[in-house]
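Novice: Take a look at this one; I'll ask things after.
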């Protein structure tokens, strides 16, 4: 028998109630989608002046849809869909018919989408409610979320620091309690970085698992994926948005359903490392990773530290690839609209012009080389763990050309601190960003869980074990300070 969760006694608890629990209470007629949305609207009024995660709000329309979902749960529960009445904030780079789709740019500030992208079509068909759009850096190209159009989006745990990018608004909204689910996209860590620094869950599916619009559906670094407050909720959303679509030639015909219940990890071998070629991590990052390692050992897993042997060349290969391909798109916009683009867009565009076809080819060669050892290792181990960033102390308005000092080393705030982009290079590997509590500096810590190619369920299995041992967002002590009641 399934035990129903208790109905929350406060609006703030509603804001952080997982979708899976909401659905149980909706079916039992003990909670309404209207109540949840009203609590999240009130929460947005309290935190948004500081956090600034929502670029557009559609609360009146969403309330009307929530009442429709309420009627279904009350009178026709058998007609309820997989995400009936669950709120989902949509990153402001994804087309939702009739809504603004600005990509965080003054160039597109008046653009209104004339169709739903595939991911949106599937979420809408599953009963999700799109009550808000979330902020993104211009054209989703930066590791912080700040634009001339929407301003600076800040980390709910400490507004001085970044929510990361490019799915920063989605992660900040989840951490703030202003949405239950959110969409994300990831071309160099843009789901996992924000999830990691905001203390929420983000999944980079294997390439092709979730359809993407052209032309970047053909870029194997590029992925759409779910973001949520819990592992189970991320799985529920992923199961809705995945699967082949005739408009995306790269989408996979195989349909994979992620389980929401798993057995223990007893005897499972898990590898971990603090170094994926960056060579340095902050003490807080090392400590939070150690907490996860200890928790998995307590859960019965055999957790072993490994040396990948990766160096700066891996980091450089990622940069050359993205500068040459993605950077070319930014260069086009910067040259066409020099007075409108953000300074970092122009900077990335200019850097694109310095890369060569030889460097682009070399990035492929390095990807093939590192997989020759990493692929077989993932066949020997159930999963691999590493942090998402070498430090989480990145200013909310940090520019990619600005430097960060860490343990006497001078780092750029772009690739030197990024431990996620190598897994866009190895794009067929599923990667789940999982929170690991709050570090001594008051900011969330987390890990990336990586599994062998196209074995999505493994990362969710490990994520569930971490979540059971190190829960988050489940009580006031493990929620951000911004607007806490």
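The values are calculated or read from the model by the stated rules, or taken from the named source; none is laboratory data. A quick note: this is a predicted structure, and the numbers were derived from the prediction, not measured. Ideal geometry is used to build each Cβ from the backbone, glycine not excepted, and the neighbour counts take in all protein chains shown.
Novice: Name the residue, out of 267, 243, 279, that is surrounded by fewer than 20 Cβ atoms within 10 Å (Cβ to Cβ), touching a helix residue (DSSP H, G or I) at 6+ places or on another chain (Cβ under 9 Å) and either farther than 30 Å from residue 83 by Cα or modelled with pLDDT under 95 (or both).
Specialist: Among 267, 243, 279, only 279 is surrounded by fewer than 20 Cβ atoms within 10 Å (Cβ to Cβ), touching a helix residue (DSSP H, G or I) at 6+ places or on another chain (Cβ under 9 Å) and either farther than 30 Å from residue 83 by Cα or modelled with pLDDT under 95 (or both).
Novice: In addition: Count, please, the residues in the range 438-471 that happen to be more than 13 Å from residue 197 (Cβ to Cβ) and either modelled with pLDDT under 95 or in a loop (DSSP other than H, G, I, E, B) (or both).
Specialist: Number of matching residues: 8.
Novice: Do we find a residue being surrounded by 15 or more Cβ atoms within 10 Å (Cβ to Cβ), assigned to a helix (DSSP H, G or I) and touching a residue at least 60 places away in the same chain (Cβ under 8 Å) anywhere in the range 390-397?
Specialist: no
Novice: Still on this structure: With 338, 376, 387 as the choices, which residue is under 27 Å from residue 401 (Cβ atoms) and loosely packed, with under 15 Cβ neighbours inside 10 Å?
Specialist: The conditions single out 338.
Novice: Which condition number does residue 312 fail, the rest of (1) over 22 Å from the mean Cα position of the chain (by Cα); (2) modelled with pLDDT of 95 or more; (3) surrounded by fewer than 21 Cβ atoms within 10 Å (Cβ to Cβ) being met?
Specialist: Of the numbered conditions (1) over 22 Å from the mean Cα position of the chain (by Cα); (2) modelled with pLDDT of 95 or more; (3) surrounded by fewer than 21 Cβ atoms within 10 Å (Cβ to Cβ), the odd one out for residue 312 is (2).
Novice: Kindly evaluate residue 426 against the criterion of being over 16 Å from residue 286 (Cα atoms), surrounded by fewer than 24 Cβ atoms within 10 Å (Cβ to Cβ), touching a residue at least 12 places away in the same chain (Cβ under 8 Å) and touching a helix residue (DSSP H, G or I) at 6+ places or on another chain (Cβ under 7 Å).
Specialist: yes
Okay, residues lined up against (1) more than 19 Å from the chain's Cα centre (by Cα); (2) under 22 Å from residue 184 (Cβ atoms); (3) not in a loop (DSSP other than H, G, I, E, B):
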{"position": "213", "(1), (2), (3)": "no, yes, no"}
{"position": "217", "(1), (2), (3)": "no, yes, yes"}
{"position": "225", "(1), (2), (3)": "no, yes, yes"}
{"position": "234", "(1), (2), (3)": "no, yes, yes"}
{"position": "266", "(1), (2), (3)": "yes, no, no"}
{"position": "270", "(1), (2), (3)": "yes, no, yes"}
{"position": "278", "(1), (2), (3)": "yes, no, no"}
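Novice: Another question, then. Looking at the structure I just gave you, is residue 329 touching a helix residue (DSSP H, G or I) at 6+ places or on another chain (Cβ under 8 Å), free of Cβ contacts under 8 Å to residues at least 24 places away in the same chain and either surrounded by 15 or more Cβ atoms within 10 Å (Cβ to Cβ) or not in a helix (DSSP H, G or I) (or both)?
Specialist: Taking the combined requirement at face value, the residue does not satisfy it.
Novice: Here's a follow-up. Please state which of the following conditions residue 78 fails to meet, knowing it meets all the rest: (1) touching a strand residue (DSSP E or B) at 6+ places or on another chain (Cβ under 6 Å); (2) part of a helix (DSSP H, G or I).
Specialist: All conditions pass for residue 78, except number (1).
Novice: Which of the following residues is part of a helix (DSSP H, G or I), free of Cβ contacts under 8 Å to residues at least 12 places away in the same chain and either over 30 Å from residue 244 (Cα atoms) or in contact with a strand residue (DSSP E or B) (Cβ under 6 Å, 6 or more places away or on another chain) (or both): 297, 315?
Specialist: The conditions single out 297.
Novice: Of everything in the range 21-33, what is surrounded by 18 or more Cβ atoms within 10 Å (Cβ to Cβ) and in a helix (DSSP H, G or I)? Give them in sequence order.
Specialist: Those that are surrounded by 18 or more Cβ atoms within 10 Å (Cβ to Cβ) and in a helix (DSSP H, G or I): 21, 22, 23, 25, 26, 33.
Novice: Filter the range 98-111 down to residues that are over 23 Å from the mean Cα position of the chain (by Cα) and either within 21 Å of residue 330 (Cα to Cα) or buried (at least 21 other Cβ atoms within 10 Å of the Cβ) (or both), then give me how many there are.
Specialist: So the count comes out to 6.
Novice: Just checking, which of 404, 417 is buried (at least 24 other Cβ atoms within 10 Å of the Cβ), out of contact with any helix residue (DSSP H, G or I) (no Cβ under 8 Å at 6 or more places or on another chain), modelled with pLDDT of 95 or more and over 29 Å from residue 299 (Cβ atoms)?
Specialist: 417
Novice: Something else: When you scan the range 473-485, do you find a residue that is at pLDDT below 95, over 21 Å from residue 177 (Cβ atoms), surrounded by fewer than 21 Cβ atoms within 10 Å (Cβ to Cβ) and in contact with a strand residue (DSSP E or B) (Cβ under 8 Å, 6 or more places away or on another chain), even just one?
Specialist: No, the range 473-485 contains no residue that is at pLDDT below 95, over 21 Å from residue 177 (Cβ atoms), surrounded by fewer than 21 Cβ atoms within 10 Å (Cβ to Cβ) and in contact with a strand residue (DSSP E or B) (Cβ under 8 Å, 6 or more places away or on another chain).
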